[in-house]
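The values are calculated or read from the model by the stated rules, or taken from the named source; none is laboratory data. Everything quoted here is computed from the prediction, not taken from an experiment. Every residue, glycine among them, receives a Cβ derived from its backbone with ideal geometry; neighbour counts consider all protein chains shown.
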Amino acid sequence: MGALALTPLEDAPGQAPMVGAWIEHEWRRLPIHAYFDAVARRETWNQSLPRTLIAIQRPMGHVVGTVSILNDDMETRPDLNPWIGCLYVLPDYRGRGLGGTLMRGGEALARSLHLPRLYLFAARGTELYRRLGWAEIGQEYYEDAWSVLMVKNLI
């Protein structure tokens, strides 16, 4: 794999429809429709959240993954905000550390927004998050499956 660049989605608005389609296909929902639509239309997004990073493989310029910082990712837990979610890596690029790179990039983005902590939920893949310093805070039955709730303090 060539060099990898993490780029804000706003800097590559033509990628918004494809990235949105990945998220909808993977989770059967896109919790940040308005943001993706605004980015695709090249409108200025004046709210601090949501924000999305994409991983671009250089030199070809292929988008190979994404992660987002957002509010209200798990509607049943409005007491927990903000979230890191929509972590997705194209199947051919999995197992190469890209998920961890995207998570660290998302955490850095959250720090730049002065967010003190992030939450996430996952039905699988929690070992990656534990290796990255996330702590389990409980479980939640959500969208017909049990998910692990995790938190990471950023400051």
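A few notes on this one:
- Sub-6 Å Cβ pairs linking a first residue in the stretch 102-115 that is over 9 Å from Val67 (Cβ atoms) to a second residue that is modelled with pLDDT under 95 and in a helix (DSSP H, G or I), at least 6 apart or interchain, number zero.
- Neighbours by Cβ (under 9 Å, 6+ apart or cross-chain): first from the stretch 127-148, farther than 13 Å from Arg77 by Cα and modelled with pLDDT of 95 or more; second surrounded by 14 or more Cβ atoms within 10 Å (Cβ to Cβ) and β-branched (Val, Ile, Thr): Tyr129/Val148; Trp134/Thr126; Trp134/Val151; Ala135/Val151; Glu136/Thr126; Glu136/Val148; Glu136/Val151
- If you filter the stretch 1-14 down to residues that are under 15 Å from the mean Cα position of the chain (by Cα) and part of a helix (DSSP H, G or I), you find that the one that is nearest to Arg42 (Cα to Cα) is Glu10.
- Within the stretch 77-91, the residues that satisfy the criterion of being touching a residue at least 24 places away in the same chain (Cβ under 8 Å) and either farther than 17 Å from Ala5 by Cα or in a helix (DSSP H, G or I) (or both) are Arg77, Leu80, Asn81, Pro82, Trp83, Ile84, Gly85, Cys86.
- Test: residue in the stretch 28-41 that is touching a Gly at 6+ places or on another chain (Cβ under 8 Å), without any contact (Cβ under 8 Å) to a residue 40 or more places away in the chain, of a type outside the set (Gly, Ala, Ser) and assigned to a helix (DSSP H, G or I): yes
- Of residues in the stretch 103-155 being surrounded by 18 or more Cβ atoms within 10 Å (Cβ to Cβ) and assigned to a helix (DSSP H, G or I), the one farthest from the chain's Cα centre (by Cα): Tyr129
- When we screen Leu120, Leu128, Leu149, Leu80 for residues that are in contact with a helix residue (DSSP H, G or I) (Cβ under 6 Å, 6 or more places away or on another chain) and either more than 24 Å from Pro13 (Cα to Cα) or among the small types (Gly, Ala, Ser) (or both), the only hit is Leu128.
- In the stretch 28-78, residue nearest to the chain's Cα centre (by Cα) [restricted to those that are among the hydrophobic types (A, V, I, L, M, F, W, C) and loosely packed, with under 14 Cβ neighbours inside 10 Å]: Ala34
- Residues that are farther than 19 Å from Lys152 by Cα and part of a loop (DSSP other than H, G, I, E, B) within the stretch 42-74 comprise Arg42, Glu43, Thr44, Trp45, Asn46, Gln47, Ser48, Arg58, Pro59, Met60, Gly61, listed in sequence order.
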